[in-house]
Amino acid sequence: MPDLIHSYLFLDMETTDSDPMTCDPWGVAYTIDDFFSDGTVKKSEAEGEYYLFHNQKPTPWVLENTDYLKHFQPDGTPYLGPIFASEFIRHLSAECRSFNSSPIYLVGANVGAFDNVILQRLRRQEDNLAPFYHYRCVDIESMYMSFHNVRAPLGLDWVYENIFGKKRVNSHTAKQDRDDVRKIFYALVFHIDPPA
């Protein structure tokens, strides 16, 4: 059987505002894919979508442009089933640590400046929970910019439309953004669809 070489953690967060140093995440989705020594790739069993308790009220933009109001009232009162951010970060850490110490790379849109900063902040709040993914992040917007000589990031919608020739649906939900990031990554790097 081929050896597991490394894994990719595809992740997206929805947050109360756009400042990664102070915002509260309220929606998150992730999938982990495994890459093996024989060149095969496989979607692991590690996948999830969570809604999180949060203290900050979302900005008007969040209320108007995301699926926030499907899961929470405008004052942050949940409709059903959220968990605490501390539970989520410990769960994600445990999922990532089950990979026999093979490197795991975080993949997302604006991931280095945003999602990574929030994850590190949450990790430090949990008694300095040990790092559970590699410090190098893969940002698919930057990747697309370098492949296609684009000078400034124009957003996930723009990248998706330029690669696939059609508009995204249900953008600004954690699950859809995670799935689209994953699809873009596989198209750019391997020229294939992601494994099911």
Any residue on another chain or 5+ positions along whose placed amide H is under 5 Å from the amide H of residue 17 is listed here as 24
Projecting the Cα atoms of 46, 148, 164 onto the charge dipole of the chain, where Lys and Arg contribute +1 and Asp and Glu -1 at Cβ, the residue farthest towards the positive end is 148
Rounded to the nearest 5, the percent of DSSP beta bridges in the chain running antiparallel is 70 percent
Neighbour-count ranking for 129, 52 (other C-beta within 10 angstrom, fewest to most) reads 129, 52
With label points set 7 Å from each Cα along the Cα-to-Cβ direction at residue 145 and residue 42, the distance between them in nm comes to 3.6 nm
For the stretch 176-181, Karplus-derived ³J(HN,Hα) couplings (6.51, -1.76, 1.60; θ = phi - 60°; whole Hz; x for glycine and proline) come out as 5, 5, 4, 5, 6, 4
With only helices counted (DSSP H, runs n ≥ 4, each -39500 (n - 2.57)), the per-residue ellipticity at 222 nm for the chain, to the nearest 500, works out to -10000 deg cm²/dmol
In the stretch 4-189, lysine pairs 8 or more places apart or on different chains with C-alpha atoms under 28 Å apart total 19
One finds the C-alpha centres of the stretch 107-151 and the stretch 1-75 to be spaced, in Å, by 12 Å
Given (1) 2.28; (2) 1.23; (3) 1.02 as possible values of Cα Rg over 2.2 N^0.38 Å, the one from the coordinates is (3)
Contour minus Cα-Cα span, residue 188 to residue 70, at 0.36 nm per residue, comes to 39.2 nm
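The numbers here are math on the coordinates, done by the rules we state, and not lab data. From a predicted model like this one, the values you see are computed outputs, not experimental measurements. Reconstructed Cβ throughout: ideal geometry from the backbone, glycine too, with neighbour counts over all protein chains shown.
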